[in-house]
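Here is the structure we will look at.
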Amino acid sequence: MISLIGFSGLILSFIFNVIVIVSYYYKINQRFNHIFYLALYCSLFFMCLSFFALMFAYISSDFSNFNVFQNSHSSKPLLYKITGTWGNHEGSMLLWLLIMSLYNVFFSFNITLEDHVRKLTIVFQSFLYLCFSLFVILTSNPFLVNSIDSNEGLGLNPILQDPALAIHPPVLYIGYVGFSLILSLALAGLILNQLDNLWIQVIKRWAMFCWLMLTGGIALGSYWAYYELGWGGWWFWDPVENVSLMPWITGLALVHSLMITKQEQLLKRWVVFLSILCFSLSILGTFLVRSGILTSVHSFAADASRGIFILILFLTITGFSFIIFILKSPHSNKQINLLFINKTSALIINNIVMLIACITILLGTIYPIIIEVLTNKRMSVGAPYYNSTVLPILLPGFLIMSIAPMLSWQSNKLDKIKNYIYILIVTSILTLLITYLTKFNIWGFTGTILGLWIIAASLLSILHNCLKYKFKKFFIYNNALIAHMGVGIMIIGITFSSIFQTKNNFTIQTGEIVNSGQYSLQLKNLKIEEKNNFQELLGIFLLHKKNEFLTTIKSSKRYYYVSKVITTEAGIYHDWFQDFYLVLGNEKNNKWSITIYHNPLVSFIWIGVMIMIFSGMVGIFKR
Amino acid sequence: MTIRFQRLLLILFSLIFLSSAILLILFNSKKNLVFFFTPSELINSDSTINDVVRIGGFVEKDSIINKGNNSYNFVITDNNNKVLVEYNGLLPDLFKEEQGVVIEGRLKSDFTIHAFTVFAKHDENYMPASIQKQLQKNQYWKKNYK
């Protein structure tokens with residue numbers, strides 16, 4: 001029953017989107033104007049109906065629905081029943097549609113844009129919605145009826161039963177799918193030749209919002225990987241991570257390019273190009289992940305027909321967009337006045353750097369596919385490739401970032417350059433001294449110094465602004481600089497946590513103490529706890545620093561009854577400056593093997609991301 | 001500086017940057033690509049000692065030896081050929097006898113690998129499609145793995 005309601009909602013929503021597009025072509029009559037918006041709202045309503053029908057089926061454990069049967073179990077906690085809705089391929093595509101529809105309706109409330117641009121954007125968005133709706137209906141219908149009469153489901157993958165992963169997909173999708181609206185806006189602006197100030201103002205806000213959500217989504221995912229996988233790291237250059245990073249980088253370039261366009265009314269073609277690229281890469285990523293072409297730790301049930309469908313969608317949407325781009329792209333009559341030593345050219349160079357980094361990641365991701373098709377040999381491109389290509393490519397970008405605050409917007413003059421140079425030299429000497437006295441590592445040194453330069457230059461710039469404007473509208477004048485400080489903090493966190501990470505293996509008995517540096521760890525006791533849907537073996541450890549008690553760390557293994565899978569829950573002791581990360585291994589003769597990772601400054605990564613998101617939000621709301 | 005000259009500089013800069021990026025990619029891809037074999041393919045391949053490879057297959061029954069202090073030896077098989085793996089570290093939760101496994105490591109001799117990573121998978125159905133095909137050929141594929 002509930003499946004029927006859900007499926008009808010899906011179909012009705014499809015039909016109403018067709019009505020949106022059709023009524024646009026009969027726009028002469030004012031009455032159709034009414035229908036246009038009415039159909040838009042109806043389509044959202046039925047989409048919501050469809051989505052909540054599926055969610056209801058999950059909450060009420062309605063195993064007559066095949067999707068629920070495959071991915072849920074009645075003993076699951078309520079939270080994971082709800083989030084199980086998008087914990088599988090079909091449900092997540094339904095979430096994709098819901099978000100697309102939501103974007104369309106929220107965008108229709110926009111009053112800044114001229115009426116005809118807004119309407120055409122809505123039409124494009126509806127068209128994109130139709131494409132993906134067709135994909136869901138034909139190849140990944142979540143409302144199939146279960147042919148077996150069953151009282152119990154097969155259960156959700158235990159590793160997905162985690163709070164961070166529960167909200168990770170929606171946040172990520174709000175970013176990922178949001179780029180569809182950016183594409184629609186770009187196409188509408190192109191066709192109507194209305195790439196004016198208003199258009200830039202509008203697209204800037206939406207692009208910023210999508211990009212921030214994508215940032216948040218990626219950060220959540222990587223935080224999850226950090227504490228759930230038990231590998232001590234937070235980024236593995238897994239194909240799925242890479243495909244989310246590609247639209248993120250182009251989105252980053254887009255958000256920054258829109259800054260210059262605001263200042264100088266230039267580079268519209270470039271902005272449109274990036275807008276198209278962002279969503280194209282989003283679809284390409286979906287194709288690579290969902291078709292099963294790439295093997296990754298995120299395994300979605302792979303199905304060849306889905307892959308072909310998404311590939312066709314990708315080719316159609318990207319092809320269409322780029323053809324319109326070539327035919328209609330505006331010819332600027334004003335020359336780009338680069339002048340070379342100003343913010344505009346710094347941003348352009350940074351854009352080039354970002355795109356090259358993006359291409360490098362793309363190459364690494366699809367290279368194994370190409371090789372397998374051509375030579376029938378299989379290979380994998382792992383972290384060493386990315387670390388030794390992407391990082392050096394990004395270096396000049398970070399360098400420019402650290403000197404950017406001293407450049408001016410319009411002129412070639414360097415503002416108050418002496419102060420900046422002093423502060424850069426002071427930080428360099430300090431870092432050099434400190435690294436010389438401790439372990440010297442070239443990458444560690446480079447990362448630290450770049451991070452510090454960016455922070456120092458941004459701080460000085462904020463200081464100049466404060467002297468000039470006297471704290472009036474502090475966040476509004478300084479939000480970009482604050483975001484850059486976030487990046488600096490993040491770079492330091494990344495550098496320290498990846499280069500100065502230490503890993504120690506021990507075997508330990510109850511009551512025994514092991515020493516690692518100035519820290520000592522004691523296994524207090526082990527106990528078994530019964531939970532609703534799993535059994536947990538809990539190891540309780542006491543952490544001491546020079547005989548001074550610090551904290552208890554709980555590290556555990558869980559055995560999930562339904563899927564008969566064991567998962568590891570790393571025990572983490574967070575400190576502002578370091579994390580103790582403890583993984584419980586196997587037992588032999590009453591001795592437990594454990595691995596302890598000591599991750600310095602890893603919290604800086606999350607703090608940096610939060611600062612970036614915060615100042616980005618300020619950027620959206622500022623006038 | 002004329003605008004034309006600036007443009008030229010910009011193009012020149014991007015070209016230099018692009019070519020250095022390409023050089024970087026080519027140089028690194030040669031060094032960092034890791035081939036992916038089943039035990040039989042490894043034996044037929046032209047890999048030499050000290051090469052880094054990935055091996056996919058099944059853990060042979062009764063082959064896991066816990067040497068203590070987190071050191072393990074085990075055998076990966078595809079029903080035709082076998083490879084001995086030495087590993088120091090925590091084994092992933094899904095690591096079991098007669099289960100699929102993928103390892104990455106350095107070849108110590110023709111049939112011995114010192115593994116640095118044993119891959120933990122999100123679920124036991126996971127096995128790269130291509131390896132699965134190879135194993136099916138050797139009739140060493142259990143249907144319930146999907």
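Derivation of every value follows stated rules applied to the coordinates shown; laboratory data play no part. Keep in mind it's a predicted model, so treat the numbers as computed, not measured. Every residue, glycine among them, receives a Cβ derived from its backbone with ideal geometry; neighbour counts consider all protein chains shown.
Across region A:62-76, coupling constants 3J(HN,Hα) worked out from phi with the 6.51/-1.76/1.60 Karplus curve, θ = phi - 60°, read 8, 7, 6, 8, 5, 5, 5, 4, 6, 10, 9, 8, 5, 8, 5 Hz, and Gly and Pro carry x.
Taking every residue in B:18-26 and counting other chain Cβ atoms within 10 Å of its Cβ, the average works out to 5.
Dividing the summed -39500 (n - 2.57) terms of all DSSP H runs of n ≥ 4 by the residue count of chain A sets its mean residue ellipticity at 222 nm at -22000 deg cm²/dmol.
Look at the stretch B:59-71: the mean tally of other chain Cβ atoms within 10 Å of its residues' Cβ atoms is 2.
The protection proxy used here, the mean number of other Cβ atoms lying within 10 Å of each residue, ranks peptides A:549-559, B:49-59 as follows, highest first: B:49-59, A:549-559. Extension gain, A:LEU526 to A:GLU548: 0.36 nm times the residue separation minus the Cα-Cα distance gives 5.7 nm. In sequence order, region B:94-106 has phi-based couplings of 8, 6, 8, 5, 6, 10, x, 8, 10, 10, 10, x, 9 Hz under the Karplus curve 6.51 cos²θ - 1.76 cosθ + 1.60, θ = phi - 60°, and Gly or Pro positions carry x. Across region A:563-568, computed HN-Hα scalar couplings (Karplus, 6.51 cos²θ - 1.76 cosθ + 1.60, θ = phi - 60°) run 8, 6, 10, 9, 10, 9 Hz from first to last residue, x flagging Gly and Pro. Exposure proxy shown here: for A:MET208, A:MET610, the number of other Cβ atoms within 10 Å sets the order, fewest to most, as A:MET610, A:MET208.
Among A:MET617, A:MET246, sorting on how many other beta-carbon atoms sit within 10 Å of each Cβ, with the fewest leading, yields A:MET617, A:MET246. Towards the positive end of the charge dipole of the protein assembly as shown, with charges on Cβ (+1 Lys, Arg; -1 Asp, Glu), say which of A:THR375, A:TRP592, A:THR567 has the farthest Cα. Working it through, the farthest residue towards the positive pole turns out to be A:THR375. When A:ASP115, A:ASP196 are sorted by how many other C-beta atoms sit within 10 angstrom of their C-beta, beginning with the fewest, the order is A:ASP115, A:ASP196.
Per-residue mean of foreign Cβ neighbours for A:503-515 is 1 (Cβ atoms of other chains, 10 Å radius). Relative contact order of chain A: 11 percent, from C-alpha pairs under 8 Å at least 6 residues apart in sequence.
Each of A:ILE462, A:ILE421, A:ILE491 was placed along the dipole of region A:406-500 (beta-carbon charges, centred on the mean Cα), and the one lying farthest toward the positive end is A:ILE462. A simple charge model with +1 on the Cβ of Lys and Arg, -1 on the Cβ of Asp and Glu and nothing else charged puts the dipole of chain A at about 1760 debye relative to its Cα centre.
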